[in-house]
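First up is the structure itself, then whatever we jot down about it.
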Amino acid sequence: MSYHNEYESFRSSIPLKKIIVDSDGTKGWRIYDSGPKNIKSPLICLPPVSGTADIFFKQILSLSAKGYRVISAESPVYWNINDWCCGFKKLLDYLELNKVHIFGASLENVSIDDEMIEAIDFMVERLESLSQSELASRLTINCVNSYVQPHKMGDLPITLIDVFDDYALSPFVREEMYKCYPNAKLGHLKNGGNFPYLSRSAEVNLHLQIHLRQFEGTEFSSRHF
């Protein structure tokens, strides 16, 4: 893999931490935390169903080198959305974080090039590292009929990073997402495959920096100068 050395550098320089958030010691979040620890509004990356915390290694390496605090957080086994949200809140409390910036990812298209193939190979490796219960719980939550109430997020700055590839999701779902967040800024990539944060990391990182720039100089800044 062309970025094998980059990944090995990431693993050797940034430790994987396990943080227990429940009283019986069974719910352990796996996180990578890079950048200045005095930053209390970091960027938190949340992997999709098939991903692990290290899939965002390109964002962690690039952005932390520019002074951003970046945390990639992989949840333990939760079987419903409410439990997941409660666990995430406990994680933030443990890290003493009140307000954070969230970068979430989902699956997208089917057209591929060499960089996308490498990204897919890497994601397959990470998928195979998940236990049966971890994968089953994620699929369960992913398939539960639920709805985010967009009107409660109207005051939050949101950026949707999208690709122009053919979608595995229907155009209807894509348009519905746009309708839910009419005031969101759009960061379009010409292509990027299922995992643009790997195959088009430079472009994704640029859009993340543009989004975070509006908070610089405030208490919600993710960056130390």
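Taking Asp162, Asp22, Asp54 as the candidate residues, the one with maximal mean-square fluctuation in a Gaussian network model of the chain, Cα springs under 10 Å, is Asp22. Computed as a quarter of the hull surface, the mean projected area of the alpha carbon convex hull for segment 120-225 stands at 9.2 nm².
Placing a label point 7 Å from the Cα of Lys152 along the Cα-to-Cβ direction, the residues of segment 85-106 whose backbone N falls under 13 Å of that point are 85-86. Between Tyr178 and Ser13, the FRET efficiency estimated from the beta carbon spacing at R0 = 45 angstrom works out to 0.70.
Projecting the Cα atoms of Phe122, Ser201, Tyr147 onto the charge dipole of segment 112-209, computed from C-beta unit charges around the Cα centre, puts Tyr147 farthest toward the positive end.
Put simply, the amide H of Tyr68, placed in the peptide plane, has neighbours under 5 Å in His224, leaving out anything fewer than 5 places away on its chain. Residues whose amide H lies under 5 Å from that of Asp162, counting only those 5 or more places away or on a different chain, are Gly187, His188, Leu189; hydrogens are built 1.01 Å from N in the peptide plane. Across all C-alpha atoms in the chain, the radius of gyration and Dmax reach 17.1, 47 Å. Amide H contacts for Phe103 (H built 1.01 Å from N in the peptide plane; partners 5 or more residues away or on another chain; cut-off under 5 Å): Ile44, Cys45, Leu46.
If Lys and Arg each add +1 and Asp and Glu each add -1, what is the summed charge of the other residues whose beta carbon sits under 15 Å from the beta carbon of Lys66? Value of the local net charge: +3.
A Stokes-Einstein calculation at 10 °C with viscosity 1.306 mPa s, built on the Kirkwood radius of segment 1-59 over Cα pairs, returns a diffusion coefficient of 120 µm²/s. All Cα-Cα distances of segment 171-210, cut into 10 Å bins from zero to the largest, leave 27, 44, 29 percent in each bin in turn. Taking each DSSP H run with n ≥ 4 as -39500 (n - 2.57) and averaging over every residue of the chain yields -11500 deg cm²/dmol at 222 nm.
Within a straight-line Cα-Cα reach of under 20 Å, Lys58 can be paired with the following lysines, leaving aside sequence neighbours fewer than 8 residues apart in one chain: Lys17, Lys37, Lys66, Lys190. Under the criterion of Cα pairs below 8 Å and six or more residues apart, the relative contact order for the chain equals 25 percent. A Förster radius of 45 Å, combined with the Cβ-Cβ distance separating Leu206 from Thr26, puts the computed FRET efficiency at roughly 0.70. Derived value for segment 1-119: Kirkwood hydrodynamic radius 15.4 Å. Basis is the mean of 1/r over every pair of different alpha-carbon atoms. The mean of 1/r over all pairs of different alpha-carbon atoms in segment 115-168, once inverted, gives a Kirkwood hydrodynamic radius of 14.9 Å.
Values in this text are rule-based calculations from the coordinates and carry no lab data. All figures in this text were calculated on a predicted structure; none of them were measured in a lab. As a convention, Cβ positions derive from the backbone with ideal geometry for all residues, glycine included, and neighbour counts pool all protein chains shown.
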